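Taking it in order: structure first as structure tokens, then the write-up.
The values are calculated or read from the model by the stated rules, or taken from the named source; none is laboratory data. Everything numeric in this text was worked out from a predicted model, so none of it was measured. Positions of Cβ are generated from backbone atoms using ideal geometry, with glycine treated the same way; all protein chains shown enter the neighbour counts. Side chains are part of the model used for accessible areas, which takes the heavy atoms of the whole protein and leaves out ligands, DNA and RNA. Shrake-Rupley method; radii C 1.70, N 1.55, O 1.52, S 1.80 Å.
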Amino acid sequence: MGLTVLSVLSLFLLNITLCCGDAQDAELSLKPNVSHLFAGESVTFICDMREGNATDWLYKFNWNDQEMVHFSKSSSYSLYLTAELSGNYQCIGRRNGLTDFIKQSNNLTLSISALRPTATITADKTTIPVGGSVTLTCSVQGSAGWTYDWFRQIPDSREVVIDTNSLQNFISVSDEGIYRCRGRRGNPVFFTNLSKVYHSQKTLSNRAFVTLQQNWTQIFSGEMITIKCEIQGGENTEWQYEWRTTSSKTPPTHSEYNISRASFSYSGQYWCKGRRDLYFSTAWSDAFTLKVSNKPRPTITADRRTIPAGGNATLSCSVGSYNEWKYFWFRRASVFTEIQVIRNKEPDQMITVTQGGIYYCKGGRGNPVFFTEDSDPITIEKRVSNKAVVSLEPSWPLIFSGEKITVRCQISLGGSTEWEYEWSKPDSSTGLANNASINLNASVISSGSYRCMGKNKQELYSVTEWSDVITLTVSGNRPKSSISADNRVFLEGDTVTLTCSVTPSTPGWSYYWYRGKKTSEPLTMAEVVLHSDGQIGVSQEGDYWCRGGRGSPVYYTDYSDVISIKKTVRNRPAVTLHPNWPEVYSGETITLKCEIPGEDTEWDYEWATSSSHQPPNQNEYKINSVSTSHRGHYWCKGRMRSAQQNSTMWSASFQLKIVYERRPVLTVSPSWLSPGASVTLNCEVEHPSAGWSFYWYKAVHDLKTYSYEYYIYELLPDGSGTAQDSYIIHGQTHTAGYVCRAGRGDPEYHTDHSQPKFVWSADLNSAASLTVSPNSVQHFIHDSVTLNCSGNSSQWRVMIFTQHTYRRKLRKCGYWGTETESTCNIDLYWFHRYQDAVSWCESESGQFSNGINITAHDEPTNSYSIVTKAP
């Protein structure tokens, strides 16, 4: 029957679905399911198509892509393994009746070892403890899936199986014996090789100890020692001994380990145990630590290093804190003599000695005796009763570089004893010297403290005490002499006393005097009068100098400076001032004169001054405009023109004082001028009798600008050059300001003008009067005051004149407050800087009202007084 188109299409779609569509992959598995296999084992490959029934498929098995089994109905395949069969395995399934429908499995890779494996047996303990057990573990390295067989053998019997095909790989045993194991797996069964034998030993209750026969705290290199293994409670048992150690040495299998000469290689931990037979032994002992140290060096000490006369010293020797040592003592009389044994095997660490010398000690212990290193030497000196004395010759407190000095050591009551000398020098080094003195050519490095001691030549450690210290101070600078005179100028027939001294001041100097040239020989006693050491009298003019010298050979200081001595006549000049005023003001013309008694002599003049101006060599010094730079002291002297070597002494000092200009002070009495009356002006200056002339002026101001900032002074009639210090004003009819000044000298010197003073004219018919409101004598600085001009005109203006020291101001009232026609309101606070003020009314035609004084008071009143001045 032919296929329809629809049935052909359905078949085609079914083929696509079976080949390529939803079918799952095949799976190849192995039994036993292990990755590592061995030659001789059997395995079974199982192929699962994971679809349909197993009978729906035909199966083929490949090895390394080569057909191993052709398509068959069996889904498994068993294989006996050889090493050559390692590789990749795969199965392929084909659907029954469909040749094109095939499924491939995953690849299985087999690694097959050619050698049969060997089981390994391990234990958690080395021996079976008393009453305990040991856990044995069997394993086959690098593989799994095993069960285990266990075997045991005891002496004189065959090996027997104690467990077989056990799933656990461990067993617990409490009996001694030889144990083995093996692994098994698969069907047919595949066995591993048997493990190596494991000897299970049972621990006895006896306990082992490692001890040191020499019960010492520490062992030193070179000592003979014995390490012993002792077993507690096993005295009747014959033991075999085993040792274990971390040192580089292997102990013998004996109970004692004899070390004839300990070294660092023996250092470490030691264990031991005893064995009764192959299966029974003690446990390992606790670790015994052996530490071998360097050979020790004892420490030697002394309660004193110097034995006083008739006394002794106690020496002590110590080897750490160990008490097992005995001590050996030695002495040398000197570094050149042999060592003598003075004590042998002293049980104590201390000995008492009465001799000086070099002492040593060392420790010893054991048999044969082991010795420590020798101790460091210790030197003990024995003092004799003599004491050394050190001295300086010459014994000056300060020595100068270049002087010859001897430092001498003396030992009294030495008898016939011969001494060697030891010096403590400035550089702190010590050394022996056969001589009792040190000769020095002094220098700065010679400075320092010196002391000495003596050593008996027959017994070098019999010594004197150190001398007391003597200090030598050496200066590196050569001293200089200084010369002075009680007078540089002397009158004929007199003498001058010269004094020579050395700086710095030290004793021992002789003085050498010179006159004339530098090459001169020292003056002899015939040329001078010797007053005392360092002081002479001379009566000749000339240049003198000196120097000091001391010691043998003589050490000289530097020469002094030169001093000149002059002979003079008996005339003594005097400096005078012309004019001779008590005070000189800056700007005046003065003359200083040098006056010498005895006018019949012609003189040349010399001046000296402390000012910054040098007067000329004349008898007069005229200063046209003197200033503060001229003040100071002035001296003069004269030298005879006919005999220049003869001169007067210097005059006594004249002090020129220059003061700044002081302006005169002008006073007015009274300050109000009534009609027909007069006012007296008084001009006061310092030192009124010092030749002053007085000048009187009227101060004029501009009424239109009301300015007193710049004064115009008009000389009053007969106001020029009068010697009177007062001036009288008659019949003045208006208010005016006045000043004065003074002048003196030729050319005349003038002072500054005085401050102006006002004289008020009291016009009884004045067209205006000034009143103050409130009408009170005292007002406080924060008050307001009203000044009012009343009269027959509205053209009056309120004016206020203020002055304080050099500050002067003339202002309309509006400058200080508020002005309305002839009324002014002022705030007194603005006057706090001015001590005096005057207020009045005036008109442009020159008419004046009465005046009012405003005077400030200082704290604490903090107020102003306003006083009306009436005619």
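State, as an integer percentage, the relative contact order of segment 249-291 based on alpha-carbon contacts under 8 Å between residues 6 or more apart.
37 percent
Can you pull the one-decimal nm distance between simple spin-label points at Ser35 and Leu212, each 7 Å off the Cα toward Cβ?
With each label point 7 Å from Cα toward Cβ, the separation is 5.6 nm.
Counting Lys and Arg as +1 and Asp and Glu as -1, what is the net charge of the other residues whose Cβ lies under 13 Å from the Cβ of Thr217?
Around Thr217, the charge tally is 0.
How big is the Kirkwood radius of segment 86-129, worked out from every pair of different alpha carbons and given in Å to one decimal?
For segment 86-129, the Kirkwood estimate is 15.6 Å.
Could you list, in their original order, any pairs among Lys567/Lys622; Lys362/Lys457; Lys125/Lys202; Lys517/Lys567; Lys517/Lys566; Lys480/Lys637 whose Cα atoms are separated by more than 21 Å?
Lys567/Lys622; Lys362/Lys457; Lys480/Lys637
Where does the chain land at 222 nm, in deg cm²/dmol rounded to the nearest 500, when only DSSP H runs of n ≥ 4 count, each adding -39500 (n - 2.57), divided by all residues?
It lands at -500 deg cm²/dmol.
Going by accessible area, probe 1.4 Å, with all protein chains left in place, what is the ranking of Ile227, Ile483, largest first?
Correct descending sequence by accessible area is Ile483, Ile227.
Over all alpha-carbon pairs in segment 310-410, figure out the percentage whose distance exceeds 15 Å.
71 percent
What does the net charge come to around Thr306 if you take all other residues with beta carbon closer than 9 Å to its beta carbon, with K and R at +1 and D and E at -1?
+2
Please give the per residue volume of the convex hull enclosing the alpha carbon atoms of segment 423-514, rounded to a whole number of Å³.
Considering the Cα atoms of segment 423-514, their hull volume per residue is 145 Å³.
Give me the distance in nm between label points sitting 7 Å out from Cα along the Cα-to-Cβ direction at Glu235 and Gln153, one decimal.
4.0 nm
Taking the Cβ-Cβ separation of Ser532 and Thr473 as r and a Förster radius of 35 Å, what is the calculated FRET efficiency to the nearest 0.05?
0.80
Report the gain in length on full extension from Ala54 to Asp604: 0.36 nm times residue separation, minus Cα-Cα distance, nm rounded to one decimal.
Full extension from Ala54 to Asp604 adds 181.7 nm.
Normalised by the number of residues in the chain, what is the relative contact order in percent for Cα pairs under 8 Å and 6+ residues apart?
5 percent
Could you please tell me the mean projected area of the C-alpha convex hull for segment 154-253, averaged over all directions and given in square nanometres to one decimal?
Seen from a random direction, the Cα hull of segment 154-253 projects 11.5 nm² on average.
Length gain on complete extension for the stretch Ser784 to Gln104, per 0.36 nm per residue less the alpha carbon to alpha carbon distance?
231.8 nm
Hey, what D do you get for the chain in µm²/s if you plug the Kirkwood alpha-carbon radius into Stokes-Einstein at 4 °C and 1.567 mPa s?
27 µm²/s
Given segment 52-205, report the % of alpha carbon pairs whose separation exceeds 22 Å.
58 percent
Can you give the local net charge around Gly145? Use residues other than it whose beta-carbon is closer than 11 angstrom to its beta-carbon, Lys and Arg +1, Asp and Glu -1.
Local net charge: +2.
Over segment 231-340, what per residue volume does the convex hull of the Cα atoms give, in whole Å³?
Hull volume over Cα atoms, normalised by residue count, gives 194 Å³.
PRE reach from Ser505 (point 7 Å along Cα→Cβ): which of segment 549-568 fall under 18 Å by backbone N?
549
Please state, rounded to one decimal and in Å, the Kirkwood hydrodynamic radius that segment 53-100 gives when every pair of distinct Cα atoms enters the mean of 1/r.
It works out to 11.7 Å.
Per-residue HN-Hα couplings for segment 73-89, Karplus 6.51 cos²θ - 1.76 cosθ + 1.60 at θ = phi - 60°, whole Hz, x for Gly and Pro?
Karplus-based 3J(HN,Hα) across segment 73-89 equals 7, 7, 8, 10, 8, 9, 9, 8, 8, 10, 4, 6, 8, 5, x, 9, 10 Hz.
Quick one: what does P(r) look like for segment 451-492 with 10 Å bins over all Cα pairs, in whole %?
19, 19, 15, 15, 13, 10, 7, 3
Mind listing the Cα extents of segment 57-137 along all three principal axes, in Å, largest one first?
76, 25, 18
Could you pull out every one of the aspartates and glutamates with an alpha carbon less than 18 Å from that of Lys593, ignoring same-chain neighbours closer than 8 positions?
Cross-link targets: Glu583, Glu602, Asp604, Glu606, Glu620, Asp746.
Which residues does a label at Lys73 reach in segment 29-54, if reach means a backbone N under 13 Å from a point 7 Å past the Cα toward the Cβ?
From segment 29-54, the list is 54.
How many percent of all Cα-Cα pairs in segment 504-573 sit more than 16 Å apart?
Distances greater than 16 Å cover 55 percent of the Cα pairs.
Would you mind calculating the gained length between Phe191 and Ser564 on full extension (0.36 nm times residue separation, minus the Cα-Cα distance), in nm to one decimal?
Here the segment from Phe191 to Ser564 would lengthen by 120.4 nm.
Starting at the first residue of segment 684-694, write each ³J(HN,Hα) from the Karplus equation 6.51 cos²θ - 1.76 cosθ + 1.60 with θ = phi - 60°, in whole Hz, x for Gly and Pro.
Values, residue by residue: 10, 10, 5, 6, x, 8, 8, x, 7, 10, 10 Hz.
Antiparallel as a % of all DSSP beta bridges within the chain, to the nearest 5?
90 percent
For segment 465-512, compute Rg over Rh where Rg is the Cα radius of gyration and Rh is the Kirkwood radius from the inverse mean 1/r over Cα pairs.
Radius of gyration over Kirkwood radius for segment 465-512 works out to 1.28.
Write down, largest first, the equivalent ellipsoid semi-axes of segment 435-576 in whole Å, where each equals the square root of 5 times an eigenvalue of the alpha-carbon gyration tensor.
Semi-axis lengths for segment 435-576 are 49, 14, 13 Å.
Can you check how the C-alpha radius of gyration of segment 305-349 compares to 2.2 N^0.38 Å, as a plain ratio?
Ratio of Cα Rg to 2.2 N^0.38 Å: 1.39.
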